[in-house]
Structure formats: C-alpha cells, structure tokens
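The values are calculated or read from the model by the stated rules, or taken from the named source; none is laboratory data. Please read all numbers here as calculations on a predicted model, not as lab measurements. Every residue, glycine as well, gets a Cβ built from its backbone with ideal geometry; the counts of neighbours run over all protein chains shown.
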Amino acid sequence: MAIEKQPSCDDDVEPALLPVEIALQRIAQQVVPLSASCSDDIEDILLRETLDRIVALDIRSPIDVPSYTNSAMDGYAVNSADIPASGEITLTVLGTAWAGRPLDVNVERGQAVRIMTGGMMPPGTDTVIIQEHVQAHQSENVVSEITIDGTTAAGRNVRLAGEDICRGDVIVSPGTLVTSAHVGLIASLGIDRVTVFRRLKVAFFSTGDELRPLETHAGKTLGPGELFDSNRHTLFAMLTRLGVETIDLGVIADTAEATKAAFRQASTSADLIISSGGVSAGQADFVSATLAELGEVTFWKLAMRPGRPLACGKVGAAHFFGLPGNPVAVMVTFYEFVQPAIKHMMGCSDIHTPKFKVKSASNIKKSQGRIEYQRGIFSMLEDGSMQVSTTGKQGAGRLTSMCMANCLIVLPEDCAGVEPGDIVEVQPFSGLI
C-alpha cells in the first residue's frame, strides 16, 4: 500500500503555497501607516534626535538659501558693463568684502571691490572675476587698482539669493528617513525642532521547549536536545536597526496556554508582534492555531525557500508575523516581509531595498516552483563588471552563510537552475541588514 504523502516544505511545488508577490500585496493592503493627523502618532523632537526618524510634516524653509547674493570665488566684484568687449580696462578698487563682513559701499562704473568666497556682493556689482584673472596694482601694499580683460562672462562666479532654496519651499517631505545630510540642511535653515512619527512598539518572542535563553544559560553546558536561543537576539538586532521600541517577551513554552498568554500580552502593548518558530504543522506548533483563534490569518504558507511556514495576520489592533524557526529563514523572511511592513507602518515613503542584475560565477541548483533567496558574495572584477557567487551550502540553519554573504541571490519561481555566466538578480545587504 502506497503512503499517502501530505504537502511539506520539501516539496518544490505545493498548490496551497501563496506566491510571494501576492503575499506582499496582502501585507500592503493590511498594514496601515501612522497618521500625521493623529496627535498620538507624531512627536516634536530636537533636530539632533531626528537621525533615522521619519518626518511627519512638511519642513519648509523660513529663509532664502543663499540668504543674500554672494561670491562663489575669491576675486573682484565688478559691474559686468565694465567688462571690455576687447582689450583691457583698469578699475579702481574701493576695499574688501569678507564673508560675514560686507563692505558698505555703492560701486559705480569704473570701480571694483575685492571680495572673498561667501562675501556679500556690493550694490552695483553682478560679476566676480577670479583673482587669478586680473592684474593687481598695489599702493602701499594695498591693491588700489586692477586691470581686467573680456574673458569673464557677465554673472560668473556669483551665487544668487534663493537660487538653492526659496523661502517657503518644502525642503523635506513627509515620509523621508532623516539622514546626516538632512540634519545639516535643516540646521542651515535655523530650524531646531522637527515633527516626526513616533517610534513603533514591536513585541517579539521565540517559541520552543528546546530553547535556552542566554539570560540564564550563557556559558552553561547544554543538555541533550537543547539549543541556545539565537533568533530572539537576531530579531532584537534587526529591530534596533529600524529604530523601533522593542518589547522582549523571552522564550515561550510550546503549549497552547503559554502561546495564547504571549499573544494577549503583546496585543495590548504593541503595534506589531513577531514570533519565531511554532508556525509549522507539528503537534507542538501552536502559533498559527492561536492566531486563528484569537485574531485573523492573512496567509500562512508561502512559495519560497527558505521561509515557507510564514504566518501573517492580526491580533486585535496589532499586526502579527510568525516567522519560521530556522535562523536563516528568520532573517530572510524578516527582510523580505517584516522590514518593509514596519517601514510602511512608520510612515516611510521608501520601503524597498534596490536589486540589480549581475553575472553568476556559480553553478546554482534549483527546482522550479518556489522563489529562492540564496546567500551570495558579489564582487567587482578587474574590468569593472560585477559578479556573484554563492556562499556554498544553503541550509536554513546555517547562520554562518549570512555572516559570509553580502547579498541575497533572488531566484524566481520559474528558474530551473543557474549556470556560470547567467545573469541573476541580487539584493545587497548594504541598506538592508
């Protein structure tokens, strides 16, 4: 009698598996971002506290930038009408305009002002001739006259007031992740406080009777069948990079009662709940069943490797992601699904990591039916082209493969394998991890 085999994570094609693109669409439809119109979702903070926060309201410039017309070079400010069409002309120098110390004169025809970079252009001038292009004539060690020719075009080497930013311009839009450059730009406008979205609260826990938390077992000898809990620490690190407020619920026992208690506790205090482990079909896997009982399930199993058993749904007002138990699958599913969802919830306008195509240097085995995320190392060749190779064995428990890699090689469902020289898509860890 033939064994009637049930669908499993070992199958390449499984009818019940949801395609990754459909899963991402469902997440986008389900997840609601914070709202700038809700006072509880925003906060006003000092500029120096805004790095890696998400801007909630338009930041408008209260001033023109530059705030005054100034010189872009060290040289001499002149009236362009004095620049000769041919030959040379001598101009009288009235004095020097320094950056921060304007020269209070009106420049008439036949006159010039020595000016330094950033110095305010005196009235009557519209062009700066750089000092290397004039013949200076000194009197008692002070330049009293200059001789110029016609090689400098009218308006050269001058920065006009407001040519970079005009008063009232939106310089940072809502949804922008604040970078160091943004901090400097905002400071240059005299703004010291910014309205940003609040930090999301994310509760997370691991499941599994075999797991031993480092808080109590670091340095101790493990018993038969026991493992140190690494996923919770990986999740903490990935969440910290996103700037959320974390709620660590520890290791939850493999019982229905303990799983329900963790869900109830997390749903009352967090915007998002993340678990690792317990989402498969085993007798000791209670996460998916508890989600169905206490909340709603958006999807459960995906057509991907690693990460087939990925649960998504809601418990009360809190969104939920139940990640697999294998360490690599935890990281891959977090970066492909949870991180974009968190960024969207945070109000971030740019939630996806760029991908690009390079040549494969490896022979990669793959069966059709699921999208695969293999760990890779991309590098530049002597001719300037890029290539990528795998890190070797791709088991979902090999966390060392993530440490060795600098990218994910994304192989689509219909890919039946890769030969050296084939073009593949890679997702770099820079900006991701």
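Criterion applied to Ile364, Ile351, Ile377 was being under 20 Å from the mean Cα position of the chain (by Cα), of a type in the set (Val, Ile, Thr) and not assigned by TED's automatic domain parsing to the domain that holds Ala270, and the one residue passing it is Ile351.
The condition (being closer than 30 Å to Ala318 by Cα and not acidic (Asp, Glu)) is satisfied by just one residue among Ile409, Ile342: Ile342. Selection of segment 23-48 for residues being of a type outside the set (A, V, I, L, M), out of contact with any Cys (no Cβ under 9 Å at 6 or more places or on another chain), assigned to a helix (DSSP H, G or I) and surrounded by 13 or more Cβ atoms within 10 Å (Cβ to Cβ) yields only Asp41. When segment 333-360 is filtered for residues that are charged (D, E, K, R), buried (at least 20 other Cβ atoms within 10 Å of the Cβ) and touching a helix residue (DSSP H, G or I) at 6+ places or on another chain (Cβ under 9 Å), only Glu336 remains.
Do you know which residues across segment 75-92 are in a strand (DSSP E or B) and within 48 Å of the chain's Cα centre (by Cα)? Full working, then the answer.
First, pick out the residues of segment 75-92 that are in a strand (DSSP E or B): 75-78, 88-92.
Hits for segment 75-92 are Gly75, Tyr76, Ala77, Val78.
Within segment 63-70, can one find any residue that is among the hydrophobic types (A, V, I, L, M, F, W, C), surrounded by fewer than 16 Cβ atoms within 10 Å (Cβ to Cβ) and modelled with pLDDT of 95 or more? Looking for residues that are among the hydrophobic types (A, V, I, L, M, F, W, C), surrounded by fewer than 16 Cβ atoms within 10 Å (Cβ to Cβ) and modelled with pLDDT of 95 or more, one finds none in segment 63-70, hence no. Could you say which residue among Glu43, Glu49, Glu4 is more than 30 Å from Gly119 (Cβ to Cβ), of a type in the set (Asp, Glu) and at pLDDT below 95? Testing whether each residue is more than 30 Å from Gly119 (Cβ to Cβ), of a type in the set (Asp, Glu) and at pLDDT below 95 leaves just Glu4.
The strands (runs of 3 or more DSSP E) located wholly in segment 130-203 that include 2 or more residues which are closer than 30 Å to Glu88 by Cβ occupy 135-139, 142-149.
Condition first: within 29 Å of Val196 (Cα to Cα) and part of a helix (DSSP H, G or I). Can you find one or more residues in segment 402-413 that meet it? So far as segment 402-413 goes, no, none of its residues is within 29 Å of Val196 (Cα to Cα) and part of a helix (DSSP H, G or I). Flag set for Gly278, criterion: closer than 29 Å to Pro33 by Cβ and crowded, with 19+ Cβ neighbours inside 10 Å. Against the conditions (1) within 25 Å of the chain's Cα centre (by Cα); (2) farther than 29 Å from Thr240 by Cβ; (3) of a type in the set (D, E, K, R); (4) crowded, with 20+ Cβ neighbours inside 10 Å, Arg370 satisfies every one except (1).
Based on this model, can you work out whether Val388 counts as part of a strand (DSSP E or B), touching a Gly at 6+ places or on another chain (Cβ under 6 Å) and either surrounded by 20 or more Cβ atoms within 10 Å (Cβ to Cβ) or of a type in the set (Asp, Glu) (or both)? Yes.
Evaluated against (1) over 27 Å from the mean Cα position of the chain (by Cα); (2) touching a residue at least 24 places away in the same chain (Cβ under 8 Å); (3) under 27 Å from Glu21 (Cα atoms); (4) part of a helix (DSSP H, G or I), Gly278 falls short on exactly one condition, (4).
Rundown of residues vs (1) within 30 Å of Leu57 (Cα to Cα); (2) at pLDDT below 95, yes/no style:
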| site | (1), (2) |
| --- | --- |
| Ala154 | no, no |
| Arg167 | yes, no |
| Gly175 | yes, no |
| Ile186 | yes, no |
| Val196 | yes, no |
| Lys201 | yes, no |
| Arg212 | no, yes |
| Gly219 | no, yes |
| Thr240 | yes, no |
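Within segment 105-144, if we keep just the residues that are more than 19 Å from Ala81 (Cα to Cα) and among the small types (Gly, Ala, Ser), the residue that is surrounded by the fewest Cβ atoms within 10 Å (Cβ to Cβ) turns out to be Ser139. Taking the condition of a type outside the set (A, V, I, L, M), buried (at least 20 other Cβ atoms within 10 Å of the Cβ) and over 21 Å from Ile27 (Cβ atoms), does Phe286 pass? Considered against the rule, which asks whether it is of a type outside the set (A, V, I, L, M), buried (at least 20 other Cβ atoms within 10 Å of the Cβ) and over 21 Å from Ile27 (Cβ atoms), Phe286 comes out as yes.
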